[in-house]
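Take a look at the structure below.
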Amino acid sequence: MSEKTIFKKIIDKEIPAKIVYEDDLCLAFHDVNPQAPVHVLLIPKKEISSTSDIAPVDEPLIGHLFGVIRSLAEQLGIAADGYRVVSNCGLNACQTVPHLHFHILGGRGFGWPPG
């Protein structure tokens with residue numbers, strides 16, 4: 001049996017998190033190491049390792065997640081000025097937790113190109 005990721009432990013309420021949104025499909029919480037004034041992580045409750053592992057059956061879930069992202073940006077006060085959504089995929093992209101997640105960052109300007 002594989003060990004639970006930190007995100008699965010948060011979903012299961014084994015590790016506390018500052019939750020800003022939760023429904024049957026996903027959970028959003030403040031990042032413990034914020035990279036912007038607003039930095040929230042959105043995770044599906046379904047365990048999907050990364051964007052490379054999204055299957056056609058997951059398309060409704062992914063659509064739901066992006067609807068939640070839009071709503072969270074409004075709720076967090078970053079929608080009007082703009083925000084960044086990031087999903088790292090794999091080691092070269094610095095994915096540190098093998099559970100699909102989206103960083104929602106805002107409250108400051110961002111440069112381009114990123115990284």
Residues satisfying the stated conditions in the stretch 77-91, i.e. closer than 24 Å to Ile48 by Cβ and either acidic (Asp, Glu) or in a loop (DSSP other than H, G, I, E, B) (or both): Ser87, Asn88, Cys89, Gly90
Members of the stretch 43-72 that are among the hydroxyl-bearing types (Ser, Thr, Tyr), over 12 Å from the mean Cα position of the chain (by Cα) and part of a loop (DSSP other than H, G, I, E, B): Ser49
Residues satisfying the stated conditions in the stretch 85-109, i.e. touching a residue at least 40 places away in the same chain (Cβ under 8 Å) and farther than 18 Å from Phe7 by Cα: Leu105, Gly106, Gly107, Arg108
Residue match in the stretch 92-113 (condition: open to solvent by 20 Å² or more (accessible area, probe 1.4 Å), in contact with a Gly (Cβ under 6 Å, 6 or more places away or on another chain) and either in a loop (DSSP other than H, G, I, E, B) or not hydrophobic (A, V, I, L, M, F, W, C) (or both)): no
Scope the stretch 35-86; condition of a type in the set (Gly, Ala, Ser) and under 15 Å from Gly106 (Cα atoms); matching residues: Ala36, Ser71, Ala73, Gly77, Ala79, Ala80, Gly82
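Would you point out which residue out of Ile104, Ile78 is within 12 Å of the chain's Cα centre (by Cα) and closer than 21 Å to Glu22 by Cβ?
Going through Ile104, Ile78 in turn, just one is within 12 Å of the chain's Cα centre (by Cα) and closer than 21 Å to Glu22 by Cβ: Ile104.
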Hits in the stretch 8-24 (condition: under 13 Å from the mean Cα position of the chain (by Cα) and either assigned to a strand (DSSP E or B) or under 17 Å from His64 (Cβ atoms) (or both)): Ile11, Ile19, Val20, Tyr21, Glu22
Within the stretch 3-24, considering residues that are closer than 13 Å to Val97 by Cβ and open to solvent by 80 Å² or more (accessible area, probe 1.4 Å), the one modelled with the lowest pLDDT: Glu3
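For the stretch 33-40, does any single residue satisfy the condition of being closer than 21 Å to Trp112 by Cα and out of contact with any Leu (no Cβ under 7 Å at 6 or more places or on another chain)? I'd like the intermediate steps shown before the answer.
First, the residues of the stretch 33-40 that are closer than 21 Å to Trp112 by Cα: 34-40.
Applying the additional criterion that residues be out of contact with any Leu (no Cβ under 7 Å at 6 or more places or on another chain) yields 34, 37.
Taking every residue of the stretch 33-40 in turn, at least one turns out to be closer than 21 Å to Trp112 by Cα and out of contact with any Leu (no Cβ under 7 Å at 6 or more places or on another chain).
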Any hit, the stretch 25-42, residues being free of Cβ contacts under 8 Å to residues at least 12 places away in the same chain, part of a helix (DSSP H, G or I) and surrounded by 13 or more Cβ atoms within 10 Å (Cβ to Cβ): no
Tally, over the stretch 43-65, of residues that are under 19 Å from Ile19 (Cβ atoms) and open to solvent by 30 Å² or more (accessible area, probe 1.4 Å): 4
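The values are calculated or read from the model by the stated rules, or taken from the named source; none is laboratory data. Predicted model, so just to flag it, every value in this text is computed and none were measured. With ideal geometry, Cβ positions are generated from the backbone for all residues, glycine too; neighbour counts draw on all protein chains shown. Heads up: the accessible areas ignore ligands, DNA and RNA and are worked out on the full protein's heavy atoms, side chains in. Shrake-Rupley method; radii C 1.70, N 1.55, O 1.52, S 1.80 Å.
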